[in-house]
Structure formats: structure tokens, C-alpha cells
Amino acid sequence: EPEVTQTPSHQVTQMGQEVILRCVPISNHLYFYWYRQILGQKVEFLVSFYNNEISEKSEIFDDQFSVERPDGSNFTLKIRSTKLEDSAMYFCASSGTGYSGNTIYFGEGSWLTVV
Amino acid sequence: LAKTTQPISMDSYEGQEVNITCSHNNIATNDYITWYQQFPSQGPRFIIQGYKTKVTNEVASLFIPADRKSSTLSLPRVSLSDTAVYYCLVGDFAGGYNKLIFGAGTRLAVHP
């Protein structure tokens, strides 16, 4: 089965530091997403990315956040000046044409702890 | 995006069949119904997707009545490892893009 892979699986960072979460979407997928889930809460949409630009973003995704596809395989989420409330599980996902059809596949997540 | 309503929690026992019903009264013509499963500290995992009637795969079945205003996820003979949160999502997957809006889901607890 195709997989979305994410690194790191867990990162602890000090408040105010910048973090970069990395994702390798399923090859041949066209749409890429970041979601987050604060402990005990719902999975929340952050941003979607298509054709090397943001296609949609939520209110959560403010100037503190940015996404990039630096090469043909990686998709990154950068969080600048991290705050305590950024502590959450961040999920990367991908979908689009290809052998997996239109299903959106999620990675296992990167758990970010801001201290 | 169509809003969905599903039970907050359910309890079952090993070996039983579990049916989780989701209502989506304002589903649009192009919308598909998709179910995901999530274990603690893991990403949502796709289970099944359908448009109408019945869909079955190796994991579950999805029953969708003719009016498509509800759907039922059926898990045959559950085991302890099926304890998870199950999400019902409705949306247009045309072209492969969809901004999934997750609700609270149904927390299924399977007991020995």
C-alpha cells in the first residue's frame, strides 16, 4: 500500500525556535496537505498545496507558518517562532491522480512539543 | 461541505459486528462518503469510500441508502485492535482534491 512518510516522528523545541517538519508524499500525487491535531482535539486542516503554490489555507495557517516543496519528493511545513500552543501532532497527507485514485492518504504524523 | 453527525461513542465486544451510522442530510450530488480510522498518536487511515448502494472491501462494508442522506459503516467481527476513532467525511473528490473537515468522530471501544 502506498505510504506518506514524515520526519521527525517527535521533536521537542524551545519556545521561539523555528521547526521544519518534513514529508514525502506518495509519488505521482498532485495535492499535498498539512493537518494538525492538538492532544484530545479534532484533526484540523491547515493548508493544501498544488502546482507549487498554496491552494487553500485555514485561519490557523497565519504568517507563522509556511510550506514548501523544495524538490520533486519532499513537502515541508515550517513553523517560525514556535509557541506553546503549537504543540500538536502534525499530519501530512497527499491525494490526486495515480494508482491510488482520489483517496487522501495521511502520514503517521510528527509530534511537536514546544517547551 | 456537507456536515455529518455520528455517535460520539460506541461499545462492542470481540467477535461482534459493529455498525456506525452517519447522517449527512445536505450531501451534494458530487459528494462521496469516506470513512477513516484513527488510533491514538497515529494519522487517520482510509477505510472505505462510496457514492451509493453498497461498497465492500477486506476491512469493512459501507451501506448507502438511495437518498444518500445517511451511511452505515459495518465492521464484521471486531477485535480489540479495532478500538479506535472512526470518522465519517463527506465531500467532492473530483480531480482528487478535497479539504477534509473532521468532526469528533465515533470512539469505538471493543471489549474482551
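The values are calculated or read from the model by the stated rules, or taken from the named source; none is laboratory data. Just so it is clear, the model here is predicted, and its values are computed rather than measured. Positions of Cβ are generated from backbone atoms using ideal geometry, with glycine treated the same way; all protein chains shown enter the neighbour counts.
Condition check for A:LEU112 on (1) within 12 Å of another protein chain (Cβ to nearest Cβ); (2) touching a helix residue (DSSP H, G or I) at 6+ places or on another chain (Cβ under 7 Å): one failure, at (1). Among all positions in the stretch A:88-95, there is no residue which is surrounded by 14 or more Cβ atoms within 10 Å (Cβ to Cβ) and assigned to a loop (DSSP other than H, G, I, E, B). You will find that of B:ILE64, B:ILE8, the residue that is at pLDDT 95 or above and within 13 Å of chain A (Cβ to nearest Cβ) is B:ILE8 and no other. Taken together, the criteria place A:SER66 among residues that are polar (S, T, N, Q), outside any loop (DSSP other than H, G, I, E, B), more than 29 Å from B:GLY105 (Cβ to Cβ) and at pLDDT 95 or above.
Candidates in the stretch B:67-87 are the residues that are touching a His at 6+ places or on another chain (Cβ under 9 Å) and of a type in the set (Gly, Ala, Ser); of these, the one that is nearest to the other protein chains (Cβ to nearest Cβ) is B:SER71.
Residue-wise test of (1) crowded, with 20+ Cβ neighbours inside 10 Å; (2) farther than 28 Å from B:THR34 by Cβ; (3) in contact (Cβ under 8 Å) with a residue 12 or more places away in the chain; (4) hydrophobic (A, V, I, L, M, F, W, C).
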{"position": "A:GLN17", "(1), (2), (3), (4)": "no, yes, yes, no"}
{"position": "A:ILE26", "(1), (2), (3), (4)": "yes, no, yes, yes"}
{"position": "A:ASP62", "(1), (2), (3), (4)": "no, yes, no, no"}
{"position": "A:PHE75", "(1), (2), (3), (4)": "yes, no, yes, yes"}
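Only a single criterion out of (1) touching a residue at least 40 places away in the same chain (Cβ under 8 Å); (2) within 13 Å of another protein chain (Cβ to nearest Cβ); (3) not in a strand (DSSP E or B) is not satisfied by A:GLY40, namely (1).
Among the residues of the stretch B:13-31, those that are out of contact with any Ser or Thr (no Cβ under 7 Å at 6 or more places or on another chain) and crowded, with 19+ Cβ neighbours inside 10 Å comprise B:ILE27, B:ASP31.
For A:LEU30, the conditions (1) modelled with pLDDT under 95; (2) aliphatic (A, V, I, L, M); (3) buried (at least 21 other Cβ atoms within 10 Å of the Cβ) all hold with the exception of (3).
Looking only at the stretch B:64-85, decide whether some residue is under 23 Å from A:SER58 (Cα atoms) and touching a strand residue (DSSP E or B) at 6+ places or on another chain (Cβ under 9 Å).
no
Given A:SER110, A:SER48, A:SER95, A:SER58, which one is in contact with an Asp or Glu (Cβ under 6 Å, 6 or more places away or on another chain) and under 26 Å from B:CYS88 (Cα atoms)?
A:SER48
What is the residue count in the stretch B:16-48 for residues that are within 14 Å of chain A (Cβ to nearest Cβ) and over 20 Å from A:PHE45 (Cα atoms)?
Here the count works out to 2.
Filtered by the rule that a residue be more than 11 Å from A:LEU112 (Cβ to Cβ) and part of a loop (DSSP other than H, G, I, E, B), the stretch A:1-16 gives A:GLU1, A:PRO2, A:GLU3, A:VAL4, A:GLN14, A:MET15, A:GLY16. Can you tell me which residue within the stretch A:21-37, out of those that are touching an Asp or Glu at 6+ places or on another chain (Cβ under 9 Å) and more than 9 Å from chain B (Cβ to nearest Cβ), is farthest from A:PHE65 (Cα to Cα)? If we take residues in the stretch A:21-37 being touching an Asp or Glu at 6+ places or on another chain (Cβ under 9 Å) and more than 9 Å from chain B (Cβ to nearest Cβ), then A:ILE26 is farthest from A:PHE65 (Cα to Cα).
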